[in-house]
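A quick write-up on the structure given underneath.
The values are calculated or read from the model by the stated rules, or taken from the named source; none is laboratory data. On a predicted model such as this, the values are computed, not experimentally measured, just so you know. Virtual Cβ from ideal backbone geometry, glycine too; neighbours counted across all protein chains shown. Just so you know, the surface numbers come from the protein's heavy atoms only, side chains and all, with ligands and any DNA or RNA stripped out. Shrake-Rupley method; radii C 1.70, N 1.55, O 1.52, S 1.80 Å.
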Amino acid sequence: MLAGEQLFVQVGCGKCHTPELRTGDSPVAALADRPVRAYTDLLLHDMGPGLNDGYTEGSAQPAEWRTPPLWGLGLSPNSQGGSYFLLHDGRARSIEAAIAQHGGEATGSRDRYDRLSAAEQRQLVDFLKSL
Ligand code: HEC
């Protein structure tokens, strides 16, 4: 396991950005019981007041968002004029800025990331850019 990947799991990012899900049964053998390394649990989480947009969508409360897949994160600036536009409204212009906006259920994980050394934070972010 890469050092950055280990730190990602250690600080709890992987609790929501689940590294691997598996497909279920399928009549198409090639699709059955396959790993999907999408880095999401596909679930809604309360992300705290900073990410509350004041709109209830269906049964999702205003601070609840679905965990986005991190698969392909490193390539996302290529399709957006060379910049990151992360989180539900594109407000975060870097991976570090997106992490800093994590609150609510993700507060503990964000705090553990904040306590890493600068070198460890860089390793974690470099790992995310490799996805
Ligand atoms: C409690 C669940 C949870 C935890 C823990 C968590 N995240 Fe997230 N993450 C989310 C949700 C939900 C969003 C989307 C928020 C939004 O759209 O406003 C998100 C968004 C992101 C994004 C932006 C992705 C995009 O395409 O916009 C990055 C990068 C990210 N998380 C990295 C991390 C890292 C690194 C950690 C660990 C320090 C972490 N997350 C911990 C739930 C979580």
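Considering only protein heavy atoms and a probe of 1.4 Å, how much of the accessible area of the range 3-129 is carbon and sulfur, as a whole percent? Write down the numbers at each step before the final one.
Working: 4050 of 7460 Å².
The computed percentage sits at 54.
Quick one: what do you get for the range 72-131 if you divide its Cα Rg by 2.2 N^0.38 Å? Mind showing how you got there, number by number?
Values: Rg = 12.0 Å, N = 60, 2.2 N^0.38 = 10.4 Å.
Cα-based Rg divided by the globular estimate yields 1.15.
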Would you please state the base-10 log of I(q)/I(0) at q = 0.11, 0.14 1/Å for the chain, with intensities from the Debye formula using one equal scatterer on every alpha carbon?
-0.43, -0.69
Lys/Arg +1, Asp/Glu -1 at C-beta; the chain dipole; positive extreme among L44, L124, L31
L124
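How much net charge surrounds L21 when only the other residues with a Cβ under 9 Å from the Cβ of L21 are counted, with Lys and Arg +1 and Asp and Glu -1? Don't skip to the end; give the middle numbers.
Numbers: positive: R22, R37; negative: E20, D41.
Taking every other residue near L21 into account, the sum is 0.
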What is the dipole size for the chain, taken about its Cα centre, with +1 at each Lys and Arg Cβ and -1 at each Asp and Glu Cβ, in debye to the nearest 20?
320 debye
Would you kindly compute the Cα radius of gyration of the range 9-62 and its largest Cα-Cα separation (Dmax), both in Å?
15.6, 45
Note, the range 20-32: 3J(HN,Hα) by Karplus (6.51, -1.76, 1.60, θ = phi - 60°), whole Hz, Gly/Pro = x, goes 9, 10, 10, 6, x, 5, 8, x, 8, 3, 5, 9, 7
Counting Lys and Arg as +1 and Asp and Glu as -1 over every other residue whose Cβ sits under 12 Å from the Cβ of H45, the net charge comes to -2
Rounded to the nearest whole Å², what accessible area per residue is found for the range 3-129 with the 1.4 Å probe?
59 Å²
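Please state, to two decimals, what the Cα-based radius of gyration of the range 26-98 comes to when divided by 2.2 N^0.38 Å (N = residues).
1.38
Counting Lys and Arg as +1 and Asp and Glu as -1, what is the net charge of the other residues whose Cβ lies under 12 Å from the Cβ of E64? List each step's numbers first, then the result.
On the way: positive: R66; negative: D46, D53, E57, E105.
Residues near E64 contribute -3 overall.
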Diffing the range 112-117: the Karplus 3J(HN,Hα) column from phi (6.51, -1.76, 1.60, θ = phi - 60°), in whole Hz with x for Gly and Pro, holds 5, 4, 4, 7, 5, 5
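As a test of the formula, what do you get for the chain when each DSSP H run with n ≥ 4 contributes -39,500 (n - 2.57) and the sum is divided by the residue count, at 222 nm and rounded to the nearest 500 deg cm²/dmol? Write down the numbers at each step before the final one.
Working: 4 runs with 34 residues, N = 131.
Calculated at 222 nm, the ellipticity per residue is -7000 deg cm²/dmol.
Which GluC sites (Glu not before Pro) does the range 1-85 hold that lie in a coil by DSSP with at most 11 other beta carbons within 10 Å?
On the way: sites: E5, E20, E57, E64; in loops: E20.
Of the GluC sites (Glu not before Pro), the ones in loops of the range 1-85 whose Cβ has at most 11 other Cβ atoms within 10 Å are E20.
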